[in-house]
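The values are calculated or read from the model by the stated rules, or taken from the named source; none is laboratory data. Just so it is clear, the structure is predicted and the values come from calculations on it, not from any experiment. In this analysis, Cβ positions are derived from the backbone assuming ideal geometry, glycine residues included, and neighbour counts consider all displayed protein chains.
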Amino acid sequence: MAVKRKQTWQFKNDIYLSSTGTATGPKEAQGPLSSYFDQSYDDLYCGEDSWELAERRLMEDAVMACLKKANQAASSVDLYLAGDLLNQIVTANFSAKKLQIPYLGMFGACSTSMETLAVGAALVDAGFIDRAIAAVSSHNATAERQFRNPTEYGGPKPPTSESTVTGAGAGLISREASPVKITEATIGKVFDWGIKDANDMGSAMAPAAADTIASHLTQTGREVSDYDLILTGDLSSVGTPILKELLYERGYDISSVHQDCGLMVYRPDQKVFAGGSGCACSAVVTYGYIVDELTRGNLQRVLVVATGSLHSPTMVQQKEALPTIAHGVVLEAAGGGES
Amino acid sequence: MAVKLNNPADYKQNIKPYQPKPKVFRNCIRAFWTGGLICAFGQLIANFYVTFFDFTETTAGNPTTATLILIASLLTGFGVYDKIGQFAGAGSLVPVTGFANSITSAALEHKSEGLVLGVATNLFKLAGAVIVFGVVAAYVVGLIRLLFKALIT
Amino acid sequence: MEYLLAFIVGGLICVIGQILLDVFKLTPAHVVVSFVVAGAVLDGFGLYDRLIEFAGAGATVPITSFGHSLLHGAMNETEQSGVLGLAIGIFQLTAAGISSAILFGFIVAVIFKPKG
């Protein structure tokens, strides 16, 4: 029986992130983590005719890279858990159609990466399935045109805006030993502290992230110092200091171990306003860079907290506040891979 | 006494110090010279039409507007206008070029949905508000003016 | 001289827009809508014509002149047709602007592809 402490799941068996795959667009390929991505494209169309097809291409590339590195075929995977930002999560739906793996579509906005990873790990741990793939994608242009404005529109954006990452990340979850273990997950609750500005998601998501991190630490009985890294998805330069203050007030000082994927995936001079966001933000950084660091043993225990804003453009125009959520997953170095 | 952030009711107020302030002065300077430049350029075009064609100073307004709209549409098509817009702010938004950009960018964006349901249907996605409010305002002001006239005479 | 006036007046109108964006935190859509309504209202008081005389393109290029033209065309027609003239004349002066925006927007959308 897996141990359950309120919203924190501690997996009983050794669950491994057996393999990962990442694919990105041009801006990410010019960023500091470019060498950690399996595939990158020179332009946002990724060789396709529309932005939506480009996002699908990225998702398929990430999953195929993940399978290839694990020497597995799609037919050997029991469950496909996937999501993206688009209406009806169509990118995930179409990729599932292509892969022909039993499919559960999931939506957590930019927190979907850890949401899918947590649920996949739990199902493997419970013994219902042997192998699952958790995958997410996002695309700057598809997100822009669905949530905000046409991509060629000249209206200025405020400095709190975030820039959606164009990319996709996929992880293969199984009990087959590998250098990276998935040990725990903390499922978040939805928060609404009154932020109505969809151009300021960092501020809106910080309370959700703070609660998930605090709950995780309380429910596992650990200290901040037990982690080499507490990584948030896309709080950006606006939400990060707010998060640190929120946790500091609760007695947790994370400043020495905290980083944010949205600030890692781009360089400061890449004109991304407050930082990166989107499902792929946490996914490509975690499945690319973090997994590499864990494999090399540079990191031992990482808490990845993907943050998402669960709003819709209509609801924002109706002057509702942004409902936000954060899901956390603990990744640990398995130490050599053989247990 | 330090303000506590962990207070949902006052959160929005309390995080104000954490939010980046727009560089108002710098943005106003940029808006000033880019907007002014577009208007001066418009003056140049108007004079061109007066000199080389059969337009007067008043009637030159029409072809001038059309010319600026053409230029803005092309710049939008070339993918340049959005970059200008981020730099110039109100300087590219307020002139009629901003209006053209809002129409062209919306039309361009929805090309993937076809000419009728995509391009044509979405043409006024952003610009519709301007036309609607402009017309409604003109009606209201016009009616008030007529009412005044009728009351006075 | 007229170029300088056009530059300064046009620039100042844009600065007002920038202040609405940065200080009053209006969205771009709200800013242009406010301006077009302001143009109609100013023309209602007969003030916008004077601004056009003074600043030329500095007053005709900003979107405020669109509001001015809508009202102006409507009022012109009321001289002939009374109240109904409002409806008949409203698009008279703005026809060139709107139709060319539609036409060029359509053509550009047919030829080009968005670059993101």
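Name the residues in region A:140-167 that are hydrophobic (A, V, I, L, M, F, W, C) and facing another protein chain (nearest Cβ under 7 Å), would you?
A:ALA141
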**Request:** For region B:105-140, name all the residues that are out of contact with any Phe, Trp or Tyr (no Cβ under 9 Å at 6 or more places or on another chain) and either at the interface with another protein chain (Cβ under 7 Å from one of its Cβ atoms) or over 30 Å from C:LYS115 (Cα atoms) (or both).
**Result:** B:ALA129, B:PHE133, B:VAL136, B:ALA137, B:ALA138, B:TYR139, B:VAL140
**Message:** Among the residues of region A:221-263, what is the count of those that are under 21 Å from A:LEU33 (Cα atoms), out of contact with any Lys or Arg (no Cβ under 9 Å at 6 or more places or on another chain) and of a type in the set (A, V, I, L, M)?
**Reply:** 5
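Test A:GLY21 against the stated conditions and say whether it is in a strand (DSSP E or B) and either in contact with a helix residue (DSSP H, G or I) (Cβ under 9 Å, 6 or more places away or on another chain) or free of Cβ contacts under 8 Å to residues at least 40 places away in the same chain (or both).
yes
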**Prompt:** Would a scan of region B:145-152 turn up a residue that is more than 30 Å from C:ALA6 (Cβ to Cβ), of a type in the set (Gly, Ala, Ser) and more than 14 Å from chain A (Cβ to nearest Cβ)?
**Reply:** yes
**Complete:** A:GLY120 fails exactly one of (1) under 20 Å from A:CYS281 (Cβ atoms); (2) assigned to a loop (DSSP other than H, G, I, E, B), namely (2)
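Return yes when A:ASP200 is free of Cβ contacts under 8 Å to residues at least 60 places away in the same chain and within 14 Å of chain B (Cβ to nearest Cβ) and no when it is not.
Yes; evaluated as a whole, the condition is true for this residue.
Which of the following residues is surrounded by fewer than 18 Cβ atoms within 10 Å (Cβ to Cβ) and assigned to a helix (DSSP H, G or I): B:ILE103, B:ILE144, B:ILE84?
B:ILE144
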**Item:** Breaking point among (1) within 8 Å of another protein chain (Cβ to nearest Cβ); (2) over 17 Å from the mean Cα position of the chain (by Cα), for B:PHE55
**Value:** (1)
**Message:** Looking only at region C:60-95, count every residue that is under 26 Å from C:VAL31 (Cα atoms), of a type outside the set (Gly, Ala, Ser) and crowded, with 18+ Cβ neighbours inside 10 Å and tell me the total.
**Reply:** 16
**Item:** Per-region count, region A:266-311, residues of a type outside the set (S, T, N, Q), surrounded by fewer than 23 Cβ atoms within 10 Å (Cβ to Cβ) and part of a helix (DSSP H, G or I)
**Value:** 6
**Complete:** Being surrounded by fewer than 24 Cβ atoms within 10 Å (Cβ to Cβ) and under 21 Å from A:ALA121 (Cα atoms) narrows A:ILE213, A:ILE187, A:ILE230, A:ILE182 down to just A:ILE187
**Asked** Restricting attention to region B:7-50, which residues are more than 11 Å from chain C (Cβ to nearest Cβ), surrounded by fewer than 17 Cβ atoms within 10 Å (Cβ to Cβ) and outside any helix (DSSP H, G or I)?
**Response** B:ASN7, B:PRO8, B:ALA9, B:ASP10, B:PRO20
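Within region B:106-119, which residues are in a helix (DSSP H, G or I) and farther than 14 Å from C:ILE102 by Cβ?
B:GLU109, B:HIS110, B:LYS111, B:SER112, B:GLU113, B:VAL116, B:LEU117, B:GLY118
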**Request:** Please give the number of the condition A:ARG175 fails out of (1) among the basic types (Lys, Arg); (2) modelled with pLDDT of 95 or more; (3) surrounded by 21 or more Cβ atoms within 10 Å (Cβ to Cβ).
**Result:** (3)
**Message:** Anything in region C:49-89 that is more than 9 Å from chain B (Cβ to nearest Cβ) and over 23 Å from B:ALA150 (Cα atoms)? List them, or say none.
**Reply:** C:ARG50, C:LEU51, C:GLU53, C:PHE54
**Asked** Which of the residues belonging to region A:247-265 are in contact with a helix residue (DSSP H, G or I) (Cβ under 7 Å, 6 or more places away or on another chain) and either crowded, with 24+ Cβ neighbours inside 10 Å or part of a loop (DSSP other than H, G, I, E, B) (or both)?
**Response** A:LEU247, A:ARG250, A:TYR252, A:ASP253, A:ILE254, A:SER255, A:VAL257, A:ASP260, A:CYS261, A:GLY262, A:VAL265
